[in-house]
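The values are calculated or read from the model by the stated rules, or taken from the named source; none is laboratory data. Computed from a predicted structure; not experimentally measured. Because the Cβ atoms are built from the backbone with ideal geometry, glycine has one as well, and the counts that use them run over all protein chains shown. Protein only, heavy atoms only, side chains kept; ligands, DNA and RNA dropped before computing areas. Shrake-Rupley method; radii C 1.70, N 1.55, O 1.52, S 1.80 Å.
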Amino acid sequence: MASSWYTWLVSRCLFPLHERLKKHDTVAIFRQLEQSQWQNPQQIEAAQQQRLQAFFRRISAEVPYYRDLLTRLGLKASDIQSRADLVKLPFLDKATIRAHSESLKNPKATLVRPFTTGGSSGTPLTFLLGNERISHDVAEKWRATRWWGVDIGDKEIVAWGSPIELNKQDKVKIWRDKLFRSHLIPAFDLTEAKILGFIDQIRAIQPAMLFGYPSVFHLIAKTAQQHHIDLTGLGIKVVFVTSERLYPYQRELIEQVFRAPVANGYGGRDAGFIAHQCPAGSMHLSAEDIIVEIIDRDGNPLPPGQSGEIVVTHLATSDFPFVRYRTGDIAALSDKVCSCGRGLPVLENIEGRSTDFVVASNGTMMHGLALIYVIRELHGISNFKIVQESLTHTRVQLVLENGDAPALADKVRLGLTARLGTDVEIEIEWVDQIAAEASGKYRYVISKVTA
């Protein structure tokens, strides 16, 4: 697997030593995951059920919130035996976590520290992570990385983070990244000059893998194409993208410009490393650690093939449990078996957050992609952001690349009203650039309307 002696040294010696010093069980978990992924679906589900039972016995005995919850509901830990039994429990959402953050903490937990979500979908959420959860997340990511023929220690460029996160880097982390050959580029305030600088870095480093937001690598690819810069011969094996919805047009351009496959990842700081795409194209769930339910608007579980909200129970969160956590994201479970041979279940039709959907004035709900393609098909607009303020008012920020601004604005209004309704006011705002969210992410469509 290792592509060089140095990669072998990092992945087999230096990184395991690093994790041991941090008191993480990453290596042992990783070795188990490397084996369990090849079990059949029935074996994986049986092991998941055993972990759920042990997990719930522990948190019901140790975590005040769940001890009190079971008492109120008249339940015992033994009443939660399988995924089907989870419906006996209420959902966990951000408001509940904020209101009960102290009682959700396991008093026996050690070495926990606060983490905060990026807040791209609203108010940031602060919660606690312990070594158990971090070890499992790192092991899951490591396993998925190796699916694509790359490993820890291979040269990597990471496009990530907000200014706050980047400023927190200390000398130890900087030296660790150098040792592991991981290079960070800041994914915010992306002027053309900075993007061209990133392209120069990519050409100079010639990494085996890229990792970061799809919007950033799409923008880099688009800029390289506009400036006729060839990025096809750099030896990049894979472009890992995560933390945002990956649109088909982004995948197409990134793969064309870098001549490397795009591997989509789905998860979050709060919900964990949920699913990753394998080379056969399936989004495999991290089923050893995570139970995923898909629910309808009334909170009822949906069968495979039907889209609804993703609800996550993370079995490695006994320090600060995430049980039936509502992610706000939309997808469907699949009952197909992947041709790659892994028995891990598959998530499909990942359509982004519920706030990425828009509602026409007649009440029809559609994915924001319906509006995105209206603007993408227009030549002369380099970037945009659509904010549905209400059923009758949608605001659009546009960055002019070239052409007739009034004529382009008329075409945007015409295209959007054709989808949202002729009675909808389309407010056009021309700007020099589109600002990223505080997390560094870019959101092309935001709806403030609840259907």
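Structure notes:
- Loop-located trypsin sites (Lys or Arg not before Pro) in segment 23-94, at most 12 other Cβ atoms within 10 Å (DSSP): LYS23, LYS76
- Karplus-derived HN-Hα couplings along segment 336-342 (A = 6.51, B = -1.76, C = 1.60, θ = phi - 60°), whole Hz, x at Gly and Pro: 7, 9, 6, 5, 5, x, 6
- Selected from ILE152, HIS136, SER82, residue furthest toward positive end of dipole (segment 72-157; charges at beta carbon): SER82
- Restricting segment 61-149 to GluC sites (Glu not before Pro) in coil, as DSSP defines it, with at most 15 other Cβ within 10 Å: GLU102
- Inter-label distance for GLU425 and ASN402, nm, one decimal - labels placed 7 Å from Cα along Cα-to-Cβ: 3.5
- A crude spin-label estimate for the pair ARG113 and GLN306, with each label 7 Å from Cα along the Cβ direction, gives 4.4 nm.
- Within the accessible area of segment 1-145, the carbon and sulfur atoms contribute 54%, probe 1.4 Å, all protein chains present.
- One quarter of the surface of the convex hull around the alpha-carbon atoms of the chain equals 21.8 nm², the direction-averaged projected area.
- Residue separation of THR232 and GLU62 scaled by 0.36 nm, minus their Cα-Cα distance, works out to 55.8 nm of gained length.
- Between VAL241, SER286, GLY268, the Cα set farthest toward the positive side of the dipole of segment 239-289 (charges on each charged residue's Cβ, about the Cα centre) is that of VAL241.
- Charged neighbours of ASP151, selected by a Cβ distance under 13 Å, balance to +4 (K, R count +1; D, E count -1).
- Considering only HIS183, LEU104, THR223, and ranking their Cα positions along the charge dipole of the chain that arises from unit charges at the beta-carbon of Lys, Arg, Asp and Glu, the one farthest toward the positive end is LEU104.
- Here the chain is assigned +1 on the Cβ of each Lys and Arg and -1 on the Cβ of each Asp and Glu. Its dipole about the Cα centre then comes out at about 1460 debye.
- Electrostatic tally near ASN131: other residues with Cβ closer than 9 Å to its Cβ, Lys and Arg +1, Asp and Glu -1, net 0.
- Label point distance in nm, ALA99-LEU21, each placed 7 Å from Cα along Cα→Cβ: 4.5
- Whole-angstrom gap from segment 418-436 to segment 66-94, using each part's C-alpha centre: 45
- Accessible surface, the chain, averaged per residue in Å² (probe 1.4 Å): 45
- Entries in LYS173/LYS222; LYS178/LYS237; LYS385/LYS411; LYS94/LYS173; LYS194/LYS222; LYS22/LYS108 that, when Cα-Cα distance is taken, lie over 22 Å: LYS173/LYS222; LYS94/LYS173
- Partners of LYS76 within straight-line reach, counting lysines whose Cα lies under 16 Å from its Cα and excluding those fewer than 8 residues away in the same chain: LYS88.
- Alpha carbon centroid spacing (whole Å) that separates segment 1-58 from segment 231-266: 26
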